[in-house]
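The structure under discussion appears below in the form of structure tokens.
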Amino acid sequence: MLQVNNLIFGYSRRKPPVLDDFSLTIEKGGVYGLLGPNGAGKSTLLHLIAGALTPRAGKVMYNGVDTRRRLPETLCDIFIVPEEFSLPPVSLEKYVSLNAPLYPRFSRETMERNLDMFEMPKDINLGALSMGQKKKVFMSFALACNTSLMLMDEPTNGLDIPGKSAFRRFIGSSLDDDRAIIISTHQVRDIDRILDNVLIMDRHRVVFEQPVYEIQKRLRFVVSADNSLFAKSLYTVPGINGAAMILPNDGCDDTEINLELLFDFALRYPDRLTSIFENV
């Protein structure tokens, strides 16, 4: 579906590029968690994929077409929900009438179902909403456009606790085999149970990329004070109630992935982590 080839991009030629010889492949189907420290280029990458920015070198190919060409048939199949956005002070009905025609597969029924999930009314004026409410409405519209590629930058920022819970249900109800959703976030606990794939960026490159089932197949995530486990641990972070550890999965039952621990491991020892998956 998406092939990012040797991208180079910077906001100023006087400074090092934000992305330098960056490559990435995204397949159809599933939710991709895009993780990385501040300044790693996650937001920039999403805007490059959407065709909103032009790279100095390299290409973003979506279904075989360079997104920098901004062809209508490409743009109508990609939707980006940026971290910061503004909505006009108009009714939702007016907003939909102006923007829905840009997306041939837009479904009003889906949008209304999404609004219900967020407990948002349909007869609202966008100018009278809080930032969190605007995000709920904008995401409801975005998913209703039924684009094959959905890009979301920090989608849970500004959402209250019920809103974050609704967001997880919201994403789960939107999945199908022909759609890919890329979520860039620092709020890993908001998305850890809905991901199919984990991508970790650092220093302009992907340092780790694996499907969730493969991570669970090869690694176990435990919190324990059992000293016998320390010798087996691949990565350990001490804690009050015991150490958080990443262990090899030697045929044991799968455990839930601790994304924060995996992220820390990937940034500190990327080669050690990657070597565990070399024969995948």
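The values are calculated or read from the model by the stated rules, or taken from the named source; none is laboratory data. Computed from a prediction, not measured in an experiment: that's the story for all the values here. Note that we place each Cβ from the backbone using ideal geometry, even for glycine, and neighbour counts take in every protein chain shown.
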Legend entry - Residue among VAL96, VAL137 that is β-branched (Val, Ile, Thr) and more than 21 Å from ILE181 (Cα to Cα): VAL96
Inset, instruction - Name the residue, out of ILE257, ILE181, that is among the β-branched types (Val, Ile, Thr) and part of a strand (DSSP E or B). - result: ILE181
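Being free of Cβ contacts under 8 Å to residues at least 40 places away in the same chain, surrounded by fewer than 18 Cβ atoms within 10 Å (Cβ to Cβ) and in contact with a helix residue (DSSP H, G or I) (Cβ under 8 Å, 6 or more places away or on another chain): is that true of SER107 here?
yes
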Legend entry - Complete set of residues in segment 150-162 that are surrounded by fewer than 23 Cβ atoms within 10 Å (Cβ to Cβ) and of a type in the set (A, V, I, L, M): LEU159, ILE161
Inset, instruction - Report yes if some residue within segment 159-168 is in the same structural domain as LEU19 (by TED's automatic domain parsing) and part of a loop (DSSP other than H, G, I, E, B); otherwise report no. - result: yes
Legend entry - Residue among GLU93, GLU84 that is without any contact (Cβ under 8 Å) to a residue 12 or more places away in the chain and either outside any loop (DSSP other than H, G, I, E, B) or not aliphatic (A, V, I, L, M) (or both): GLU84
Legend entry - Qualifying residue in segment 231-250 (condition: buried (at least 18 other Cβ atoms within 10 Å of the Cβ), free of Cβ contacts under 8 Å to residues at least 60 places away in the same chain and out of contact with any strand residue (DSSP E or B) (no Cβ under 7 Å at 6 or more places or on another chain)): no
Legend entry - Matching residues in segment 110-140 - criterion: being assigned to a loop (DSSP other than H, G, I, E, B) and within 17 Å of PHE85 (Cβ to Cβ): PHE118, MET120, ILE124, LEU129, SER130
Legend entry - Among the candidates PRO17, PRO37, PRO82, PRO55, residue that is exposed (fewer than 15 other Cβ atoms within 10 Å of the Cβ) and not acidic (Asp, Glu): PRO37
Inset, instruction - Inspect segment 58-72 for any residue being closer than 24 Å to PRO155 by Cβ and in a helix (DSSP H, G or I) and give the result as yes or no. - result: yes
Inset, instruction - Name every residue in segment 247-280 that is in contact with a Leu (Cβ under 9 Å, 6 or more places away or on another chain) and over 14 Å from VAL212 (Cα atoms), in order of residue number. - result: LEU247, PRO248, PHE265, ALA266, TYR269, ARG272, LEU273, ILE276
Inset, instruction - Look at ALA50 and say whether it is touching a strand residue (DSSP E or B) at 6+ places or on another chain (Cβ under 8 Å), over 16 Å from MET201 (Cα atoms) and either surrounded by 16 or more Cβ atoms within 10 Å (Cβ to Cβ) or among the small types (Gly, Ala, Ser) (or both). - result: yes
